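Reading through the C-alpha cells given below for one structure.
The values are calculated or read from the model by the stated rules, or taken from the named source; none is laboratory data. Just so it is clear, the model here is predicted, and its values are computed rather than measured. A quick note on method: Cβ atoms are made from the backbone with ideal geometry, for glycine too, and the neighbour counts reach across all protein chains shown. Side chains are part of the model used for accessible areas, which takes the heavy atoms of the whole protein and leaves out ligands, DNA and RNA. Shrake-Rupley method; radii C 1.70, N 1.55, O 1.52, S 1.80 Å.
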Amino acid sequence: MHSLRKTLTSTVLAFSALAPVTAAFADGPVVVLVKVFPAAGREDELQAQYLKRIQYLRKAEPGATFRLHRSTKTPITFLWYEVYESEGAYANHLKVVMPAFRKEAGPTPEGLLAKPSESEIYNELAR
C-alpha cells in the first residue's frame, strides 16, 4: 500500500510539473492547416475568391500569417497555412473576422466545393 501511494504521489507531482509547460504552449502561436477540395472545373473560381479573402485577412489581422497554396496534382486542392499569435487571436479570427468577411463577401456559391474542408490545429513547440 505504501508503494502504491508513493507511485501515485510521484505521478501526480510529475503531471503537476507539466502544467506550466502545457499552459505555455497554449499561450504561444497557433498554427492552422486547412485543406480545401474544390469541385472539378471550379478551381479557378475558388482561387479567385481565396485571393480576395487573403487580402482581407491580411488587412484585418496584421499580426497573423496567411499563406495559400494550390496543389500541382489533379485533383486540385488548396492548402491554407495560418499562424496566429495566440489562441485568443485565433478565437477572434473565428468569431469576429471571418463572420465580418462572410457578411461582406456573401455566401460560398453552391457546388463550389467537392467536399468539406479538413483542418488541423497545432501549438508551436520550437522555432
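What to note about this one:
- Among the trypsin sites (Lys or Arg not before Pro) found in segment 46-90, those both in a DSSP coil and sparsely packed, with 16 or fewer other Cβ atoms within 10 Å of their Cβ, are 73.
- Couplings 3J(HN,Hα) of segment 98-109, computed from phi: 5, x, 5, 5, 4, 5, 6, 8, x, x, 5, x Hz, in residue order, whole Hz [Karplus 6.51 cos²θ - 1.76 cosθ + 1.60, θ = phi - 60°; x for Gly and Pro].
- Heavy-atom surface of segment 22-127, accessible at 1.4 Å and reported per residue (Å²): 66 Å²
- 3J(HN,Hα) along segment 39-48: 5, 4, x, 10, 4, 5, 5, 5, 4, 4 Hz, from the Karplus curve 6.51 cos²θ - 1.76 cosθ + 1.60 with θ = phi - 60°, whole Hz, x for Gly and Pro.
- Segment 58-127, accessible surface, carbon-and-sulfur percent (1.4 angstrom probe): 53 percent
- The mean sequence separation of alpha-carbon pairs under 8 Å and at least six residues apart, normalised by the residue count of segment 30-106, gives a relative contact order of 38 percent.
- Cross-link partners of residue 35 among aspartates and glutamates (Cα-Cα below 12 Å; sequence separation of 8 or more within a chain): 82, 118, 120
- Backbone phi angles across segment 111-127, fed through the Karplus curve with coefficients 6.51, -1.76 and 1.60 (θ = phi - 60°), yield HN-Hα couplings of x, 5, 9, 6, 7, x, 5, 10, 9, 9, 10, 10, 9, 5, 9, 7, 10 Hz in residue order; Gly and Pro are listed as x.
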